[in-house]
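The values are calculated or read from the model by the stated rules, or taken from the named source; none is laboratory data. Keep in mind that this is a model prediction, so the values were computed, not measured. As a convention, Cβ positions derive from the backbone with ideal geometry for all residues, glycine included, and neighbour counts pool all protein chains shown. Accessible surface areas use protein heavy atoms only, side chains included; no ligands, DNA or RNA. Shrake-Rupley method; radii C 1.70, N 1.55, O 1.52, S 1.80 Å.
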Amino acid sequence: MKPILPLFVFVDACGWEIIKDDPFARTIAPNRKKLTSVFGYSSACVPSILSGRWPEQHRNWSYFVFDPKNSPFQSLRPLRWLPEALTSRRIFRRWLSKFIKRQLNFRGYFDLYNIPFKHISLYDFTEKKSPLQPQGMNRGPNIFDFLLERGVRYHVSLPERTEEANLAALIRDLEGEVIDFAFLYWPGLDGLLHEVGNQSPQVPAKLRSYERWLDELLHVARQHYSDVRLYIFSDHGMANCDQLLDLRATIDALPCRMAEDYVVVYDSTMARFWFFNDRARQTVSECLNKVPQGRIVPDAELQQMRTFFPDRCFGELIFLVKEGVLIVPSHMGERPIRAMHGYHPNDPQSYAVVCTNQAAIPDDIVAIPDIYRLMTWEAEGLAKSVKVQAPTSSEAPSLKVQ
Ligand SMILES: [Zn+2]
């Protein structure tokens, strides 16, 4: 029997609005708090949770950036001659993404999404390392560096495994009492919400199945650890997409040309532009100012959200749509999806959550990067008790990293 287990369960897209009227995990983690998310997608939110810092600090924000000099995709240019009927198919792109990921030795999540091969060599991909591993951030340390440095043995989910397989792997480590910190990651709700929207009866059904898994997990954890300190948390919520915006058609109709006058990445809820001349900057800006479904985000607001990059690495101009609008087709997808995240953090569906069995959530835990502080506090408490137990050992604790 071990003394303490900090148990952090990350339920992707389990937003405040998703569970505020649902009894999700009420019996096991009754203390709930609404948290502000980070502007951006999971590519920004997850690294912020794992590092306790904001995108302007860790520089993990959006996946694709204009950077032809450093583009690893030069070898894909010949694919532009393949028929679009093939190259725009999800199944082909998924297979190719896996192949490229291996070829380029990318460690994190990688997907080519819907970037046309004609333009792929204009872009670099910014998540070459996995934020779920030590030294996985673009800049600075994450929680796994923190744990490694202190000799805290931990468990972390592997994204390539299913949710059930990650649960089973954690349960095995708990039964073996080989870890003193656990980070479980469940992405299934996010995928489901994208597909069915936030009002589908499948959403509460999924929450109920998570509760069954959590009960199983806690049952095992309590047999092996006398104090299980449970935190269930999310990165953002999910908004239904009731309005589609073909922004690319509007921009393509302007007297400026992609790759000659400007470069753009169409994400699902934003468009990020780089300009090669003032005329293009002015023409595109004037056009965007007339699009009622969104607005150009001023630098001051980007600074407030801590997603302002002085080198404009992620775009010189950021256009953001209103909650519920989906840019489609985009570089993220050719076809509409039912729901999306990545809107303004102040939009209702953006808010995340933390639920715990601990009596108090400190007042200064207000946004998702603060979850890092909860993790380090818990791990520090643990690090101390490890020290008290084995003061004479000169051996470094063995590390189990998976
Ligand atoms: Zn998502």
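Need the full-extension length gain, residue 175 to residue 92, defined as separation in residues times 0.36 nm minus the C-alpha distance. One decimal, nm.
The residue 175-residue 92 span can extend by a further 25.8 nm.
Among the trypsin sites (Lys or Arg not before Pro) within region 218-296, which fall in a DSSP loop and have no more than 13 other Cβ atoms within 10 Å of their own Cβ?
Qualifying residues, ordered by number: 257, 290.
Restricting to the chain, what percent of DSSP beta bridges are antiparallel, rounded to 5?
55
So, for region 272-317, what is the accessible surface per residue at a probe of 1.4 Å, expressed in square angstrom?
Here the per-residue accessible area is 51 Å².
Using a probe of 1.4 angstrom, how much of the accessible area of region 278-352 is carbon and sulfur, in percent?
That fraction is 50 percent.
Give the residue list of GluC sites (Glu not before Pro) in region 92-193 that are DSSP loop and have at most 11 other beta-carbon atoms within 10 angstrom.
Sparse-neighbourhood loop GluC sites (Glu not before Pro): 160.
Mean projection of the alpha-carbon convex hull of region 255-385 over all orientations, in nm²?
Result: a mean projected hull area of 11.7 nm².
Given contacts defined as C-alpha pairs under 8 Å and at least six residues apart, what's the relative contact order of region 85-176, whole-number percent?
Value for region 85-176: 15 percent.
Stokes-Einstein D for region 120-244 at 20 °C, 1.002 mPa s, Kirkwood Rh over Cα pairs, in µm²/s?
This corresponds to a translational diffusion coefficient of 126 µm²/s.
According to the Kirkwood expression over distinct Cα-Cα pairs, how big is the hydrodynamic radius of region 205-248, in Å?
The answer is 14.0 Å.
In percent, how large is the relative contact order of region 1-104, given Cα pairs closer than 8 Å and 6 or more residues apart?
Here the relative contact order equals 13 percent.
Counting only protein heavy atoms and using a 1.4 Å probe, what share of the accessible area of region 41-188 belongs to carbon plus sulfur, as a whole percent?
53
Rounded to whole Å and sorted largest first, what semi-axes of the equivalent ellipsoid does the C-alpha gyration tensor of region 1-84 yield via the square root of 5 times each eigenvalue?
The answer is 39, 17, 15 Å, longest axis first.
Kindly state, to the nearest 0.05, the FRET efficiency for residue 335 paired with residue 81, given R0 = 25 Å and r defined as their beta-carbon distance.
So, using R0 = 25 Å, E works out to roughly 0.60.
Using DSSP to define loop residues, name the trypsin sites (Lys or Arg not before Pro) in region 5-49 whose beta-carbon has at most 14 other beta-carbon atoms within 10 Å.
Qualifying residues, ordered by number: 20, 26.
I need to check one value: relative contact order of region 107-233, counting alpha carbon pairs closer than 8 Å and at least 6 residues apart, in percent.
Across region 107-233, relative contact order equals 16 percent.
Find how much the distance from residue 135 to residue 199 grows on full extension, using 0.36 nm per residue of separation minus their present alpha carbon separation; answer in nm with one decimal.
Gain on extension, residue 135 to residue 199, equals 19.2 nm.
Rolling a 1.4 angstrom probe over the protein heavy atoms, how many square angstrom per residue are accessible across region 116-256?
Dividing the accessible area of region 116-256 by its residue count gives 40 Å².
Near the amide H of residue 129, under 5 Å away, which other amide H atoms are found, from residues 5 or more places off or on another chain, if H is placed in the peptide plane?
The list, which skips near neighbours in sequence, is 107, 108.
Nearest 500 deg cm²/dmol is fine: what mean residue ellipticity at 222 nm does the chain get from its DSSP H runs of n ≥ 4 alone, each adding -39,500 (n - 2.57), divided by its residue count?
Here the helix-only value at 222 nm equals -9500 deg cm²/dmol.
Pulled fully out, how much extra length does the chain show between residue 299 and residue 282, if you take 0.36 nm times their separation in residues and subtract their Cα-Cα distance?
4.5 nm
Under 9 Å from the Cβ of residue 137, count the other residues' Cβ atoms, weight Lys and Arg +1, Asp and Glu -1, and hand me the total.
+3
Which residues' amide hydrogens lie under 5 Å from the amide hydrogen of residue 5, considering only partners 5 or more residues apart or on another chain, with H built in the peptide plane?
227, 228, 229
Step through the residues of region 23-31 one at a time and calculate ³J(HN,Hα) from phi using the Karplus curve (6.51 cos²θ - 1.76 cosθ + 1.60, θ = phi - 60°), rounding each to whole Hz and writing x for Gly and Pro.
So the J values, rounded to whole Hz, are x, 3, 6, 4, 6, 9, 9, x, 8.
Can you give me the convex hull volume of the Cα atoms of the chain, divided per residue and expressed in Å³?
146
With θ set to phi - 60° and the Karplus curve 6.51 cos²θ - 1.76 cosθ + 1.60, what are the ³J(HN,Hα) couplings of region 178-184 in order, to the nearest whole Hz, using x for Gly and Pro?
These are the phi-based 3J(HN,Hα) values: 9, 10, 10, 6, 10, 10, 9 Hz.
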